[in-house]
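Working notes, beginning with the structure itself.
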């Protein structure tokens, strides 16, 4: 994706007892309609994992952003929660385990990812290289 315009989508995910993942993925598909299918699928998976982790380990309110700065070839997913403690750690995926794979997938799928601690909580972000469809 290389554009002279900045793309940004902000999603307020507060007020839900469970993560609104179908709604999140619908917003991603709409925002990235001109991107390759691989890009859309990668961003959907990253966003799903980051939002699910925020619901499991963070504190409300939770919000998410999807953006791409002008003149770049990546899409960035950011997820905020109000818990500055409990920073993410890549676990070990074990055969037969039901949990512990989320950040392993994020670590493998994202070009780069990280955490920004804020006065009000933290932001977990991940970047994916993207191309136009």
Note to self: Which condition from (1) surrounded by fewer than 18 Cβ atoms within 10 Å (Cβ to Cβ); (2) in contact (Cβ under 8 Å) with a residue 24 or more places away in the chain is the one that residue 68 breaks?
What the structure shows: (1)
Notebook entry, point to check: Do the conditions hold for residue 49, that is, is it more than 18 Å from residue 133 (Cα to Cα), surrounded by 14 or more Cβ atoms within 10 Å (Cβ to Cβ) and at pLDDT 85 or above?
Noted result: yes
Margin query: Can you confirm whether residue 14 is crowded, with 21+ Cβ neighbours inside 10 Å and within 19 Å of residue 121 (Cβ to Cβ)?
Written below: no
Margin query: Anything in region 20-32 that is free of Cβ contacts under 8 Å to residues at least 40 places away in the same chain and either part of a loop (DSSP other than H, G, I, E, B) or in contact with a strand residue (DSSP E or B) (Cβ under 9 Å, 6 or more places away or on another chain) (or both)? List them, or say none.
Written below: 20, 23, 27, 28, 30, 31
Next item on the list: Please enumerate the residues belonging to region 85-111 that are in a loop (DSSP other than H, G, I, E, B), modelled with pLDDT of 90 or more and either farther than 16 Å from residue 129 by Cα or touching a helix residue (DSSP H, G or I) at 6+ places or on another chain (Cβ under 9 Å) (or both).
Entry: 110
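The values are calculated or read from the model by the stated rules, or taken from the named source; none is laboratory data. Since the model is a prediction, treat every value here as computed from it, not as a measurement. Because the Cβ atoms are built from the backbone with ideal geometry, glycine has one as well, and the counts that use them run over all protein chains shown.
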